[in-house]
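Only the coordinates and a few stated rules stand behind these numbers; no lab work does. Just so we're clear, the structure is a prediction, and the values are computed from it rather than from any experiment. Neighbour counts run over all protein chains shown; Cβ positions are idealised from the backbone, glycine included.
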Amino acid sequence: MRQEHKYTIKDYYFWKITLILAFASFFVFASTYVVQPLLPLFVQEFDVMVSESTLVLSMTIVGLIMGLIILGFLSDRVGRTFFIKFSLIGSVIPFFLIPLSDSFYLIVLLRFIQGFALAGLPAASLAYLNEEIDRRSVGVATALYISSNAIGGMAGRVVTGYLTDHYSWQTAFYVFAGIGVFISVLVFLFLPKSRFFEASRLPFKKDMEGMVFHLKNPAILVIIGIGVVLQFSFTSIWTYLPFHLESEPFSLSMEAISYTFLAYGLGVIGAPLAGWLAGKLNLKKVRIAGIIVLSMGAFITFSQSLIVIVIGLCVLCLGFFTAHSLTATSVTEHATHHKGSASSLYLVAYYVGVTLGSSAVGPIWNTAGWNGVVLLAGLLPLVYLVFVHVMQSRRSERVV
């Protein structure tokens, strides 16, 4: 009976909820990746190594992973809107504090705290959408929410590069603090209260049992592995790209480097295109095609031509968002129970890939430079595909 009262795409409140959460998601992803174009600058300004500079991104993701697990469990018990609001406030405050710090490792600590706070939105918002919006309309709301992720990640990088080149990185942080305050006000004033939230009364032990249940499922393990590998390769390219393009023979400014992140715009195209192709063809085949396209894009960036590198980055983004969107879709298909914890596991795997792709690739960059990073990023997804194919052939079970 309550299902009939959930908002549909024709309702004013459907658009109110969807647009407010899209704005919030935009800010969260912009905040997460705002430091990526600044890594070469931190090396110079704080006299740290390249691998150390990547900690401002990887430790943010470590905080995010911890937050997804802890805040995800708590949102099932306390409520959705509280954690959505907490996420925004907690992520805005570090933007005011970080520019005041002259210690690199204090900045890393503040970014870790910011990452934990940022997790509140993804931990609660998708559940909120599914609870408040009719199942026939929730797909549209979710697609807009995910598209804003890609736009936010792109804008965070591009705007930061531009503002830093023309003013300072501190100015960029204050600008994002202001944006965060504005969006927080919108959320506090206009985000409707939960009407269909029902607090979970299960002990945390049951949630953990759900996680363990999925880790015993070979199909879920393959999907989790894909999540790690995809994000590892994708992040490693984008993390070390600024270092590559600021050096000879390119010698690009930070503003010019930041414009390469506009390739993320293909993510807005890639995700819905992947869904359409999967419906027409076969999800498994389209996902494999996306992974191969990602590797092709990585290999194209071997070039010494800036134009060709940009083309490679566009191909990389198209392949990544195609494969990622379909892999995320596959999680709940293969999870027979505890579908929520299965989605959480995939998100954790996704962000583990971000952490490894940023800081763990440092030794490769130090010893083999850009070519080493590209070779690893391009080969790893292909090697994983072959490995899964061989293992599944032995078990006569095809998942990928």
In whole angstrom, how far apart do the alpha carbon centroids of segment 1-78 and segment 121-143 sit?
-> 16 Å
Hydrodynamic calc, segment 203-400: Kirkwood Rh from Cα pairs, then Stokes-Einstein at 4 °C with viscosity 1.567 mPa s, so D in µm² s⁻¹ is 74 µm²/s
Excluding residues fewer than 8 places away in the same chain, name every one of the lysines whose C-alpha is closer than 30 Å to that of K10.
-> K85, K193, K280, K339
Which peptide among 13-26, 117-130, 245-258 comes first, and what is the full order, when sorted by highest mean count of other Cβ atoms within 10 Å?
-> 117-130, 13-26, 245-258
From fewest to most C-beta neighbours within 10 Å, the residues D102, D11, D165 line up as D102, D11, D165
Using alpha-carbon positions, the gyration tensor of segment 140-239 gives root eigenvalues a ≥ b ≥ c; with a/c under 1.5 called rounded, otherwise prolate if a/b exceeds b/c, else oblate, the class is oblate
In debye, nearest 20: dipole of the chain around its Cα centre with unit charges on the Cβ of K, R (+) and D, E (-)?
-> 1700 debye
What percent does the relative contact order of the chain come to when contacts are Cα pairs within less than 8 Å and at least six residues apart?
-> 23 percent
Hey, what number do you get for the chain at 222 nm if only DSSP H runs of n ≥ 4 count, each worth -39500 (n - 2.57), divided across all residues, to the nearest 500?
-> -27000 deg cm²/dmol
When ranked by the protection proxy of mean other Cβ atoms within 10 Å per residue, highest first, what sequence do the peptides 77-83, 365-371, 302-308 form?
-> 77-83, 365-371, 302-308
Among [x] 123, 42, 34; [y] 66, 55, 40; [z] 74, 55, 46, the entry that matches Cα extents along the principal axes in Å as calculated here = [y]
Distance from the Cα centre of segment 239-308 to that of segment 180-223, in angstrom?
-> 30 Å
Apply the membrane-span-like helix rule to the chain: whole DSSP H runs, Cα extent along the own long axis of at least 20 Å, mean Kyte-Doolittle hydropathy at least 1.6. List the helices found.
-> 55-78, 104-118, 169-190, 306-334
